[in-house]
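Below: one structure, written as structure tokens.
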Protein chains: 2
Amino acid sequence: MAPRFAFELSATDGRARRGTIRMRRGEIRTPAFMPVGTAATVKAMKPQAVRDTGADILLGNTYHLMLRPGDERIARLGGLHEFMKWERPILTDSGGFQVMSLSELTQQSEEGVAFKSHLDGSRHLLSPERSMEIQRNLDSDIVMAFDECTSWPVERDAAAASMHRSMRWAARSRAGFDSGEAHAAGATLFGIQQGSMFEDLRWESSHALQDIGFDGYAVGGLAVGEGQEQMFAVLDYAPELLPRDRPRYLMGVGKPDDLVGAVARGIDMFDCVLPTRSGRTGQAFTHDGPINIKNARFAEDRGPIDGDCRCAVCETFERAYLHHLVRSGEILGAMLMTEHNLSFYQQLMAGMRAAIEEARFGTFAAEFTTRYGRTKNGTG
Amino acid sequence: MAPRFAFELSATDGRARRGTIRMRRGEIRTPAFMPVGTAATVKAMKPQAVRDTGADILLGNTYHLMLRPGDERIARLGGLHEFMKWERPILTDSGGFQVMSLSELTQQSEEGVAFKSHLDGSRHLLSPERSMEIQRNLDSDIVMAFDECTSWPVERDAAAASMHRSMRWAARSRAGFDSGEAHAAGATLFGIQQGSMFEDLRWESSHALQDIGFDGYAVGGLAVGEGQEQMFAVLDYAPELLPRDRPRYLMGVGKPDDLVGAVARGIDMFDCVLPTRSGRTGQAFTHDGPINIKNARFAEDRGPIDGDCRCAVCETFERAYLHHLVRSGEILGAMLMTEHNLSFYQQLMAGMRAAIEEARFGTFAAEFTTRYGRTKNGTG
């Protein structure tokens, strides 16, 4: 029988780590990228096609699912895996970030966040206890603690107060999780480090979380508009404050070069809507940087999106056809662009994993970043 | 080497016919249903997935493709098959129907139809000669003659005048087709019978077309609002006016019970947007009639769309999940509904073909129609 939760580091190269998480529903090879399946679907992709890109785990959004179709309905239908026919692990966020960015008339208090649904105006409360209950109803494998999304930019005092509340909520999340049946069923709980751009607050948060105790730890409060340079400045120290023998998850990140730089700084897990969302609007990721397939220069371009990509889309379809589909608003355009982008991301993760195993991560990262960054310098 | 065009009838059962069309790009088993790939894509389906539903041939729309991405561009990109990566036969319509229903400021004359594009207001002319040129640029396998879409309801004199113009245009289509390279490349040309609901006009049109000579013949001017009863009344005699040794194509039809009734009356080929278009809005076809998956009664229904359907969607996903996806406007909902509907149509065609081969078409048709029609009587 598979363990409830085990994390094994099989290789390191500098700060970059190659590991494996083992859970009841399967293994997660790290560094791992988790496609976002907001509303019980990775948009424009069948679940088997998501797996075929190389994904070991998906992310589901607690906020969206509690509102539609409802976490209790999903529980009655056998849980999120059974509902959407994804058999492998699912990580669910706590809903804390989305409730502040998407809902209306939010009221925050020590208890939690009261809000009106962006779909129908109905009133709800999200709290550490309620978030644990929802994630249990979804039958999530990796449950995230409910925390407060610290705004950015922020003064030190406000960042400290927000972090302290998140740490109290982390303890309530732990208690709520432990009082339910999730643990017995094989799920696990991750805590989230906060502290914005302040190293001493990140240090304090890390110790508070470890006092509570979690199977994994996220670096929260980044990718909120601070830019890559400031994010990397935090990642130069923040992951190292967390236990070496637990996975480290950077929430909501990011662009391909963000992933490379974060792996170099000791991050093991990522999620981001970028490959799916930007694919639907025509942005394709390539080894030479992102391109907008709607650009007129692709109208009669018979090459693949990326000549070095091994995905089914690049093996079959030409840029000219994708240009036509996306320009025409065709669903097939969204499907193919999403499939390519997710495949590109998973190939990047596989490339980083192989490079760490073979102790050549530094070279891999430098070569990828140099080539990828060329378009920024105007040559793409 | 495959013949340019051959049609072989292997079985008949009453007026129902089981045949095979052989062309350079593959065989078409008849009775055949052609999914509509308007803008060089069967909406929400990869080409291989369309093939996997059982489709032998697609329909492409001349009007849409001439405007976007443009027939000359498609020719430069290797033709429509190469552009959209569908290797099997493609039938293209003449553009005559769409130009009247979709474009703006149309001006009809004996020469053809001048119009402004619905996309950008640019000015174009569609004529028999231009339609042949466009369909040649698309590298169509089955080219349709350019005809005038007779309005409905219509007086006899107007129907006769419209049919006579279509017959003059049929002769010009024949001449235009023969003067190009399409014939040499392996394409073929179909004529279109007109005459509205008037049997003597249908008779006259059929003879005019046969005097010109075509490899196949369409029954045009139906499915324009007249209803199934009147359509069947025309089909009681119209197909029999056409040569027995050539395929007969009923354009723009139809609902599953329309197909069964038309095959019973000697039709060999169909196209219709219904399974694709209605799938995207939540209508699913089942052996017990159509259902709207958005209906609240499916919210927690764990059964497949159709328990007797053998498609990949029905094997995997539950009505409750499809209900959620379509209600949420998720692309995956459109994808799965379309795949099911096209599979349902192709299974129906395969069932009719087998029934004709085994001389039990009458029983098959009666059983299908009785069960399918139950929802109309309020039991579904």
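Coordinate-derived values only; no laboratory data. Everything numeric in this text was worked out from a predicted model, so none of it was measured. In this analysis, Cβ positions are derived from the backbone assuming ideal geometry, glycine residues included, and neighbour counts consider all displayed protein chains.
A few comments on the model shown:
- Ordering of B:147-159, A:50-62 by packing [mean C-beta count within 10 Å, highest first]: A:50-62, B:147-159
- Summing charges over neighbours of A:Phe97, with a neighbour being any other residue whose Cβ is under 14 Å away from its Cβ, gives -4 when K and R count +1 and D and E count -1.
- Note on A:Arg248, B:Arg130: ascending count of other Cβ atoms within 10 Å places them as B:Arg130, A:Arg248, the fewest first.
- Inverting the pair-averaged 1/r between distinct Cα atoms of the stretch A:255-317 gives 13.3 Å as its Kirkwood hydrodynamic radius.
- Using a 7 Å Cα-to-Cβ projection, A:Asn292 label spacings across copies, nm, ascending: 3.9
- Taking A:Gln283, A:Gln135, A:Gln98 as the candidate residues, the one with maximal mean-square fluctuation in a Gaussian network model of chain A, Cα springs under 10 Å, is A:Gln98.
- Neighbouring partner chain Cβ atoms per residue of B:328-336, average, 10 Å criterion: 6
- Estimated translational D of the protein assembly as shown in µm²/s (Stokes, Kirkwood radius over Cα pairs; 10 °C; 1.306 mPa s): 55
- A straight chain from A:Ala350 to A:Phe232 at 0.36 nm per residue would run longer than the Cα-Cα distance by 40.3 nm.
- Of A:Glu339, A:Glu315, the sequence from fewest to most neighbouring Cβ atoms within 10 angstrom is A:Glu315, A:Glu339.
- Taking other Cβ atoms within 10 Å as a rough exposure proxy, A:Tyr345, B:Tyr372, B:Tyr249 sort from fewest to most as B:Tyr372, A:Tyr345, B:Tyr249.
- Dimensions (Å) - the stretch B:131-260, Cα atoms, principal axes, largest first: 41, 33, 25
- Position B:Gln48: other-copy label points at 1.1 nm, ordered by increasing distance, label point 7 Å along Cα→C-beta.
- Placing a label point 7 Å from the Cα of A:Gln230 along the Cα-to-Cβ direction, the distances to the matching points in the other copies come to 6.9 nm, shortest first.
- Available extension along the chain between B:Arg302 and B:Thr316 is 4.0 nm, counting 0.36 nm per residue and deducting the alpha carbon span.
- Of the residues A:His340, A:Leu125, A:Val253, the one whose Cα sits farthest towards the positive end of the charge dipole of chain A is A:His340 (charges of +1 on Lys and Arg Cβ, -1 on Asp and Glu Cβ, taken about the Cα centre).
- Evaluated at q = 0.08 Å⁻¹, a Debye calculation over the C-alpha positions of chain A (equal weights, vacuum) places log10 I(q)/I(0) at -0.40.
- Summing Cβ point charges (Lys, Arg +1; Asp, Glu -1) relative to the Cα centre of the stretch B:166-294 gives a dipole of roughly 440 debye.
- The helix-only estimate of mean residue ellipticity at 222 nm for chain B, built from DSSP H runs of length n ≥ 4 each weighted as -39500 (n - 2.57), is -12500 deg cm²/dmol after division by the residue total.
- Interatomic Cα distance distribution for the stretch B:63-176, bins of 10 angstrom, percent: 14, 43, 32, 9, 1
- Mean-position separation - Cα centroids, the stretch B:237-293 and the stretch B:85-158, in angstrom: 22
- According to the calculation over all Cα-Cα pairs in the stretch B:279-373, the P(r) per 10 Å bin from zero is 17, 47, 25, 10, 1 %.
- The stretch B:26-73-the stretch A:183-217 distance, computed between alpha-carbon centres (Å): 54
- Where labels lie 7 Å past Cα in the beta-carbon direction, separation of B:Ala11 and B:Glu199 in nm: 3.1
- Only Lys, Arg, Asp and Glu carry charge here, each on its Cβ (+1 for the first two, -1 for the last two); on that basis the stretch B:6-272 has a dipole of about 740 debye about its Cα centre.
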